[in-house]
Amino acid sequence: MECPRCHNQNVKRLYKLHGKYYCRQCIAFHRVWVDEPYTQDHTRFPPQKVRYSLDFELSKSQQDISRQLVYNYQNHYHSLVLAVCGSGKTEIVFELIQYALQRGDRVCFCIPRKELVKELYQRIKEAFHQIDIGLVYGGHIENINAQLIVCTMHQLYRFEKSGFHLMIADEVDAFPFYGNPVLQQIFMRCCIGNYVKLSATFVKEDIDGEELLIMNRRYHGYDLPVPQLIICPHCLQVLLISFLLKKWKKKVIVFVPLVQDVDKLACQLQSYTHLRVRGVSSIHKHNQDNLMALKNGDIDVIVSTTLLERGITIEDVQVIVYHGEHDLFDRRTLIQIAGRVGRKISHPQGHVYILSNEHTSSIRQCIHTIKNLNQMSV
Ligand SMILES: [Zn+2]
């Protein structure tokens, strides 16, 4: 016996109800019966003359990948794009989305986290302003029958019966999609044509027969900032951060591993440096306000958990990792954190410091990966 959706065969997770079995492993996404016939209606839309518009031109490498993605889709290949942080990977799929919509294909653009899906929707809506676009995330359903849907991966189960000809998944290396077989199986059930997966940090083991495309340069052409590792005991790290903050006199995000570290470190830094410091985490309030305040220069420093590791762009920001040896700072997270720096062409470089009491394999791999990407000539 096997769940037709998540392929769970563990009988302890297959429950009997009214003489029929259903799967408990993927129950969070609507109940699936083991013997349930599975049909999809593969809705097509009338071909339309949709065109996207951007108020800037794609770089040469963005254009190359954009064209390659259309070619892969025309030839029924799946694509996997390794695009470094700050390379402008959202825009490289617009040409492909346009092509699919013009053919009458149904298209989905999904991303793991709710905080990022609204921003993604805004960017897509500005480019494809003449068509209806669906937006679906926890607690929000808008235009669910539209030809183009923007949603979180958690909401994909709503589309299993209809499916998409083209699926684009951003941040496939991020929690909760990465390492979650149920979400990944639902993604595959929704994909009735081809997919494009976008990631900033994947490794060889993540490649599963897709055509691999690499965008190793940022859109402005500068190298990715390579983290500086400072090995020092915990007791000296707060003093060292205070020293760096006073020396740089710039906007800084200090990443800490745990929620309980946020307020404690924010208080210490404020009292040592007299700078304006705020805390951000999943349990803090006013996170968006504090981010805006840092962007506008109304505060100097944010102490944050890994909540801010992705999806934020702040001009001329520097980052410091506190307790860098912690397990939560894995290779992927450290690469994303380093990727916050130097995103804008006005300040394409900056400081990334990792303070740690030991040299972990995650830190070593992060630095090695970034150096390799900088040296790669693609
Ligand atoms: Zn299941």
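Each value in this text was obtained by applying a stated rule to the coordinates, not by laboratory testing. On a predicted model such as this, the values are computed, not experimentally measured, just so you know. Reconstructed Cβ throughout: ideal geometry from the backbone, glycine too, with neighbour counts over all protein chains shown.
Any chance you could run the full-extension gain for Glu358 through Asp298? It's 0.36 nm times the residue separation minus the Cα-Cα distance, nm to one decimal. Walk me through the intermediate numbers first.
Numbers: separation 60, 0.36 × 60 = 21.60 nm, distance 3.49 nm.
Full extension of this stretch gives 18.1 nm more.
Could you give the length gained on full extension between Tyr222 and Lys344, defined as 0.36 nm per residue of separation minus the Cα-Cα distance, in nm? Intermediate values should be presented prior to the final figure.
Values: separation 122, 0.36 × 122 = 43.92 nm, distance 1.03 nm.
Result: 42.9 nm gained on full extension.
Taking amide H positions as placed in the peptide plane 1.01 Å from N, state which residues far from Asn357 in sequence (5 or more) or on other chains have amide H under 5 Å from it.
Under 5 Å from the amide H of Asn357 lie the amide H atoms of Cys232, Gly324, Glu325, each far enough along the sequence or on another chain.
Points 7 angstrom from Cα along the Cβ direction at Phe45 and Glu142: gap in nanometres?
Result: 1.6 nm between the two label points.
Just to be sure I understand the model, the point goes 7 Å from the Cα along the line to the Cβ. What's the resulting Lys249 to Leu275 distance in nm?
1.2
For the stretch 1-160, build the charge dipole from Cβ charges (+1 Lys, Arg; -1 Asp, Glu) around the Cα centre, then report which of Gln98, Pro37, Ile131 sits farthest towards its positive end.
Positive-end residue among those listed: Pro37.
Report the local net charge at His76: Lys and Arg +1, Asp and Glu -1, summed over other residues whose C-beta lies under 14 Å from its C-beta. Don't skip to the answer; put the middle values down first.
On the way: positive: Arg103; negative: Asp105, Glu210, Glu211.
Surrounding charge for His76 is -2.
Figure the gain on full extension for Phe56 and Asp208 (residue separation times 0.36 nm, minus the Cα-Cα span) and round it to one decimal in nm.
Values: separation 152, 0.36 × 152 = 54.72 nm, distance 3.36 nm.
Here the answer is 51.4 nm.
Need the list of aspartates and glutamates near Lys20 for cross-linking: C-alpha distance under 19 angstrom, and skip anything on the same chain fewer than eight residues off.
Glu2, Asp35, Glu36
Of Lys118/Lys251; Lys264/Lys285; Lys161/Lys197; Lys197/Lys249, which sit over 28 Å apart, Cα to Cα? Intermediate results must be reported in sequence, preceding the final value.
Values: Lys118/Lys251 25 Å; Lys264/Lys285 16 Å; Lys161/Lys197 22 Å; Lys197/Lys249 39 Å.
Violating the 28 Å Cα-Cα cut-off are Lys197/Lys249.
Kindly state, to the nearest 0.05, the FRET efficiency for Leu328 paired with Glu36, given R0 = 30 Å and r defined as their beta-carbon distance.
On the way: r = 39 Å, r/R0 = 1.30.
Plugging the Cβ-Cβ distance into 1/(1 + (r/R0)^6) gives 0.15.
For Lys204, list the lysines whose Cα falls under 27 Å from its own Cα; do not include residues on the same chain fewer than 8 positions away.
Lys60, Lys89, Lys371
Report the label-to-label distance for Lys264 and Lys118 in nanometres (one decimal), using points 7 Å from each Cα along the Cα→Cβ vector.
Reported label-point gap for Lys264 and Lys118 is 3.2 nm.
Using Cα centres only, tell me the gap between the stretch 1-67 and the stretch 194-234 in whole Å.
26
Straight-line reach from Lys250: which aspartates and glutamates have a Cα under 16 Å away, not including same-chain ones fewer than 8 places off?
Those aspartates and glutamates meeting the cut-off are Asp298, Asp300, Glu315, Asp316.
Would you mind telling me the antiparallel percentage of the DSSP bridges in the chain, rounded to 5? Could you put the intermediate results ahead of the total?
On the way: 9 of 56 bridges.
Once the DSSP bridges in the chain are tallied, antiparallel ones form about 15 percent.
Would you compute, from DSSP H runs of 4+ residues alone, the mean residue ellipticity of the chain at 222 nm, taking -39500 (n - 2.57) per run and dividing by the full residue count, rounded to the nearest 500? Provide the component values of the computation, followed by the final result.
Numbers: 9 runs with 112 residues, N = 378.
Taken over the chain, the calculation gives -9500 deg cm²/dmol.
Which of the peptides 166-176, 292-302 is most tightly packed, and how do the rest follow, going by the mean number of other Cβ atoms within 10 Å of each residue? It would help to have the intermediate numbers written out before the result.
Working: 166-176: 22.4, 292-302: 17.4.
Taking the mean over residues of other Cβ atoms within 10 Å, the ranking is 166-176, 292-302.
In percent, what relative contact order does the chain have, based on Cα pairs under 8 Å that are 6 or more apart in sequence?
Values: 724 pairs, mean separation 59.9, N = 378.
Value for the chain: 16 percent.
Roughly how many whole Å is it from the C-alpha centroid of the stretch 154-185 to that of the stretch 334-358?
Using only Cα atoms to place each centre, the spacing works out to 29 Å.
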